[in-house]
Each structure stands twice: as structure tokens, then as C-alpha cells.
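Data block below; observations after.
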Number of protein chains: 2
Amino acid sequence: MPVGLGRLGHVSLIGAYPEPVRTPITNADDPRIEVYLGLRDQVARQQREQPGGDMAGFFIAEGDLVIERALEHGFTLDSVLIGERRTKPLPDAVDGHTIYAANDEVLTEITGRPALRDPIACFIRPEPTPLDKLLTSNSTFAVLENVNNPNNLGVIMRNAAGLGVDAVLLDPTCGDPLYRRAIRSSMGQVFALPHARIPTLPAGLDTLHGHGIETVALSPAGTTNLRDLARPSKVAILLGAEGPGLTDATMAAAIHQVRIPMHKGVDSLNVANAAAIAFHHFAS
Amino acid sequence: MPVGLGRLGHVSLIGAYPEPVRTPITNADDPRIEVYLGLRDQVARQQREQPGGDMAGFFIAEGDLVIERALEHGFTLDSVLIGERRTKPLPDAVDGHTIYAANDEVLTEITGRPALRDPIACFIRPEPTPLDKLLTSNSTFAVLENVNNPNNLGVIMRNAAGLGVDAVLLDPTCGDPLYRRAIRSSMGQVFALPHARIPTLPAGLDTLHGHGIETVALSPAGTTNLRDLARPSKVAILLGAEGPGLTDATMAAAIHQVRIPMHKGVDSLNVANAAAIAFHHFAS
């Protein structure tokens, strides 16, 4: 890998070092880029990347920074897709990997536009982390119920990583944290902390309680002021979707029900922002 | 106003009460809807609504909930623009106001699409709040420097309102909190608390210091852990744009420099999320 071609050095070093070999792609039917097709259908895409789907075993990440973060965290890169007109050098980190350079027609098929501002990368999706292992080796968790908005999901993951949450647990109705828009909203911080699926809520909480983890439901309807709840030694913060929030059943099954007091008639905060406050409150 | 036509009653009561009179608009050149043209150019639009601009004195808000909140908070409605094919009843609150019902061609001219999911409303822009009045009558402030992303601006306003900030102060390089996308991101909570412009930073901080307000710069580079700073009796939390953050000069001119400690190599939080934590920390 050429020395000194870090992100900060790109502008002044254009042309100074050889770029990775680019493989031209001129046809959207080219089987080598099949994994990049159908990115725009958010629901279908997430299903296809799950076990049993035709793209199981892969996930897509976009943007130089995000791709670099995935590689830093040890994820395995399959290939990178760029526009053939890209002149900005690629991050050092992709050196030695397969780079597909697509023409305008192929890009239009993939993104709807004949240009690609950011590179798109296909990574190998890691095996799901065993839930038991996470529960025994960590002490601060976030549990998400029906959080499907990729932006909220990504920002929650970024907050969780930054604020000292050890692992994020998702119920079966949540979206995929490794869906490209969630990754992007997380600024690639989704790679910094483990996540796992838990069984359907509220029954899934039993597993946590069995591990001595105190569950804390966060909701405008919570009876305890968040400030007044001291940190349990093992804690899981439960968050519902923007709008509906946690289901009544999950609220009731949690050990604690806390609220962030609201002023000026405001009914609630955005879920990721409320999560940030709760994570910070419980962070060690 | 017909009784019982509240938001919750719409579905079952369709057709049961008369809807407000709709004035058809069939031509995008119709001078009555001039104020609705050019909504898609974010920068130009904000400039045109400022003093001296051709649309000074107005602001645009969109969505039933947002329009209702503006009316609840006493803002003056000029008119509402809907698609002529809208069948969902309008909120009670717009009863007696001018309703323009535009055909597909006019909608395409305005929004780029021949449909309008949410109503767009034109409100009278209130006179700017005098800064001195805000500074003497309140104790908790947020000060924004160069925050231009309408989504971040809106979420910060929602957080500020909900978490007990009394007023938001914006430097001359910030975007307009009454720009429609900022209003939308705030869920209409931008109407719940006053805001005002302050002079260029860092000099503008002198005005705050002169009122006995302690300024607290929030930055990953802050030297004090936010947790360790007790609430000053009068406090202003300083926030910079996502990415660059506060300028060095503004950081240096603030009385306190605080950080939210980060874990797992995460460099920072999204500015609105960091703001939520700081507002909650200082909230009374």
C-alpha cells in the first residue's frame, strides 16, 4: 500500500501513486454486479439480505468514510462499485480489492442517476452474534422494538456506540442495522458495537431478566423521572419507534418505566435524541 | 366552527360537516399563489423571506399537524394550498381561512410532482423578537453558530422546546428556523419557543456575558466533562454545525468548554443529539 495516501492527503497527491485496478462494467446485466442491483427498494432489499434471501450473506455500505470504518472494524470487503468518471482517489483501505467502474447507463440502472457521488461497497455479512454471549459479557444494552426508520436506527447505533452502550438488541420487527441507509446515518459507527436479534417482545425480555439485566422502558408515559433512576449494575434501555413508541405490553413487562420530563407542551422527542439522553444518563 | 370535527374525528365524519370553501387555482401564474412558488430552492427561498426579499413578511409551513401547531401558538395564517384532489378533511383550525385548491399542473410547477400529500400554508412572519427582551427575561439559552442543515436546526428547536430551553439565539450564518423544512423537522415545535438573531460570533457573546449569562461551548474538544459542570443560574449552550462544530474563536470566547465523553473510538455525536444531552443536563 503506498505510504501517505491517507484521506487527508488525497487532494495534493492525485496522480502521485497508482490507483487500484478498475474493472469496467458496461452492462447492468453483468453478473459481477448483481449484488448492487435493487438498492432503491428499501423493504425488499432488507429482506433479500436476510437468511433465505437471494442476497443473504452480503451487505452494502456507501461512502469513503463508511467503507474505511467497516474495514477498520474487520469486516470483509467483497468489492467496490464506483462511477467510471470518478477522479478522486479511493481510500488506501480498498487497495488490493476488486473495484468495478460502471458507466452512466449502469449507474442509472442502479441509482436512478447517471452519476455516483460516493462509492458503494459490498461486504460479507458476518454471522449473527449469539445472543447469550452478548448478554453474559456486557452490562449496558439498548433494546429496540419496531424501529424501522433507517435514519433513526442509524443514529441510535451511533449514539449507542459513542455513549458507552455495549450492545444493541433488536426485536424481530426492527429494520436491519446493516441496511445501507442505516449504516450511513450511523456514520459507520454501527460497525463499532455488536448487535443481535432477540425473540418477540415482550416475551423476549424474559431472556434479559434471566441474565439479571434490569429493563428500563423509555416513554413519555413513564412514571419515573429518568434522573431519579440510579444505574442498575446491568441495564437495558428499551426504545420504541418514532411516533407509536413502545407497545403497552412491552412497557408493562419492563422492570422500570421512565420518562424525560417535557416542557412547553411538547409531547415527545425524536427517538434517537431521547435515546442519547438515556444512554448518557446510564453510561459508565 | 362545526363541533366534533377534530383531527381524531375526521375519518368517521367525512361528509358530515361542510368543508371550508376551496378556491380553484388552475394556472401557476395566478398572482394569488405567487408566495408558494420557488419552494424547492432552499437557499434562495430563505433569502427571499428575509427582510428586503420579495417574500419578506411570510413563511411557509406544511402538514396538518404543523399548521395546527402554528395556529395554536398564535401565528397568523394567510392562506392554505391543497391539491384539488384532496378528500381528507382539513383541520378545524383552518376554518374561515382562504383555501386554494390547485390542479395537477400547478402542483407540478410548485413541488415537482402532480400531487400534494400535505397541505402547504402561508403564514405572516412575526416581527423579530428583540434580543434584549429575551436576554433579560429568560435564564436558559441555546446559541447556534453556522447551523444550516434544516433538519438539524429543526430537531434542535424541538429539543430546546421540549427540554426547557427558554430561547434560541442564532448567529448571522445560521439558517432560518421558520424555513419550511426546519419547521417540519421540529414537528412544529419551533413555534413553541422564541428565537432571535445575535451579532456575529464570537463578539456576539459579549452581549450575553453583559447580561450575566455564562456561555458553555459544547465540543468533542471541550476540556470539562459536561457532567462536572453544575448549572449556572443563567446559561447559554453553544452549538456549532454538524461536522466542523464551533469555530475555534467562539470556543475560546466561551466561559466554559465542555465535552460529552465518547466511547469505542466514536469521534462525535450528531449535533442535535449532543444538544439534547446538554439541554437535559442544564434543564431545570
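The values are calculated or read from the model by the stated rules, or taken from the named source; none is laboratory data. Please read all numbers here as calculations on a predicted model, not as lab measurements. Glycine gets a Cβ as well: all are built from the backbone with ideal geometry, and neighbour counts include every protein chain shown.
For region A:111-129, give me each residue that is surrounded by fewer than 19 Cβ atoms within 10 Å (Cβ to Cβ) and aliphatic (A, V, I, L, M).
A:A115, A:I124
Among (1) under 25 Å from A:R227 (Cα atoms); (2) out of contact with any Lys or Arg (no Cβ under 7 Å at 6 or more places or on another chain), which single condition is B:G240 missing?
Just one mismatch for B:G240, condition (1).
Which of the residues that make up region B:225-284 are part of a helix (DSSP H, G or I), surrounded by fewer than 18 Cβ atoms within 10 Å (Cβ to Cβ) and aliphatic (A, V, I, L, M)?
B:A249, B:A252 - these are the residues of region B:225-284 that are part of a helix (DSSP H, G or I), surrounded by fewer than 18 Cβ atoms within 10 Å (Cβ to Cβ) and aliphatic (A, V, I, L, M).
Of the conditions (1) touching a helix residue (DSSP H, G or I) at 6+ places or on another chain (Cβ under 9 Å); (2) at pLDDT 95 or above; (3) within 13 Å of chain A (Cβ to nearest Cβ), B:H211 fails just one. Which one is it?
(3)
Name the pairs: first residue in region A:261-280 and in contact (Cβ under 8 Å) with a residue 40 or more places away in the chain and hydroxyl-bearing (S, T, Y), second residue surrounded by fewer than 24 Cβ atoms within 10 Å (Cβ to Cβ) and part of a loop (DSSP other than H, G, I, E, B), Cβ to Cβ under 8 Å, at least 6 apart or on different chains?
Cβ pairs passing all conditions: A:S268/A:P220; A:S268/A:M262.
Which condition number in (1) under 19 Å from B:L170 (Cα atoms); (2) over 22 Å from the mean Cα position of the chain (by Cα); (3) not hydrophobic (A, V, I, L, M, F, W, C) is the one that B:E242 fails?
With respect to (1) under 19 Å from B:L170 (Cα atoms); (2) over 22 Å from the mean Cα position of the chain (by Cα); (3) not hydrophobic (A, V, I, L, M, F, W, C), B:E242 is out only on (2).
Considering region A:179-198 alone, what residues qualify as being in a loop (DSSP other than H, G, I, E, B) and either within 14 Å of another protein chain (Cβ to nearest Cβ) or more than 10 Å from the chain's Cα centre (by Cα) (or both)?
Once the filter is applied, which keeps residues that are in a loop (DSSP other than H, G, I, E, B) and either within 14 Å of another protein chain (Cβ to nearest Cβ) or more than 10 Å from the chain's Cα centre (by Cα) (or both), region A:179-198 yields A:S186, A:M187, A:G188, A:L193, A:P194, A:I198.
Select from region B:224-259 the residues that are at pLDDT 95 or above and at positive phi and list them in ascending order.
Matches in region B:224-259: B:G245 only.
Looking at A:V155, is it within 11 Å of chain B (Cβ to nearest Cβ), farther than 18 Å from A:H73 by Cβ and surrounded by 22 or more Cβ atoms within 10 Å (Cβ to Cβ)?
Considered against the rule, which asks whether it is within 11 Å of chain B (Cβ to nearest Cβ), farther than 18 Å from A:H73 by Cβ and surrounded by 22 or more Cβ atoms within 10 Å (Cβ to Cβ), A:V155 comes out as yes.
Quick one: is B:T140 in contact with a strand residue (DSSP E or B) (Cβ under 9 Å, 6 or more places away or on another chain) and closer than 14 Å to A:K264 by Cα?
yes
Take A:V94 and tell me if it is under 30 Å from B:G265 (Cβ atoms), surrounded by 14 or more Cβ atoms within 10 Å (Cβ to Cβ), in contact (Cβ under 8 Å) with a residue 24 or more places away in the chain and out of contact with any Phe, Trp or Tyr (no Cβ under 6 Å at 6 or more places or on another chain).
yes
Take region B:130-140 and flag every residue that is surrounded by 21 or more Cβ atoms within 10 Å (Cβ to Cβ) and within 14 Å of another protein chain (Cβ to nearest Cβ).
Of everything in region B:130-140, just one residue is surrounded by 21 or more Cβ atoms within 10 Å (Cβ to Cβ) and within 14 Å of another protein chain (Cβ to nearest Cβ), namely B:T140.
Quick one: which residue in B:V43, B:V35, B:V66, B:V80 is more than 15 Å from B:F123 (Cβ to Cβ) and of a type in the set (A, V, I, L, M)?
Answer to the selection: B:V43.
Among the residues of region A:260-282 satisfying the criterion of being closer than 20 Å to A:S186 by Cα and polar (S, T, N, Q), which is farthest from the other protein chains (Cβ to nearest Cβ)?
A:N270
Going by the conditions given, is A:I99 in contact with a Gly (Cβ under 8 Å, 6 or more places away or on another chain) and either at pLDDT 95 or above or within 14 Å of chain B (Cβ to nearest Cβ) (or both)?
Answer is no for this residue.
Within region A:158-178, which residues are within 14 Å of chain B (Cβ to nearest Cβ) and under 18 Å from A:V216 (Cα atoms)?
A:N159, A:A160, A:L163, A:G164, A:V165, A:D166, A:A167, A:V168
All but one of (1) more than 14 Å from chain B (Cβ to nearest Cβ); (2) out of contact with any helix residue (DSSP H, G or I) (no Cβ under 6 Å at 6 or more places or on another chain); (3) under 26 Å from A:P128 (Cβ atoms); (4) not charged (D, E, K, R) hold for A:H256; state the number of the condition that does not hold.
(3) is the only condition that A:H256 fails.
Assigned to a loop (DSSP other than H, G, I, E, B), more than 14 Å from chain A (Cβ to nearest Cβ), out of contact with any Gly (no Cβ under 6 Å at 6 or more places or on another chain) and aliphatic (A, V, I, L, M): is that true of B:A221 in this structure?
Yes.
Can you find a residue that is within 22 Å of B:N149 (Cα to Cα), within 14 Å of another protein chain (Cβ to nearest Cβ) and aliphatic (A, V, I, L, M) anywhere in region B:245-252?
The answer is no; no qualifying residue exists.
Which of the residues that make up region A:238-259 are in contact (Cβ under 8 Å) with a residue 60 or more places away in the chain and closer than 19 Å to A:S185 by Cβ?
Passing the criteria: A:L239, A:G240, A:A241, A:E242.
Among the residues of region B:71-92, count how many are farther than 21 Å from B:L37 by Cα and under 20 Å from the mean Cα position of the chain (by Cα).
Total satisfying the criteria: 5.
With respect to the numbered conditions (1) in a loop (DSSP other than H, G, I, E, B); (2) over 14 Å from B:A278 (Cβ atoms), which one is the sole condition not fulfilled by B:V165?
It fails just one condition, (2).
Within region A:102-121, can one find any residue that is within 18 Å of the chain's Cα centre (by Cα), closer than 30 Å to A:F279 by Cβ and modelled with pLDDT under 95?
Taking every residue of region A:102-121 in turn, at least one turns out to be within 18 Å of the chain's Cα centre (by Cα), closer than 30 Å to A:F279 by Cβ and modelled with pLDDT under 95.
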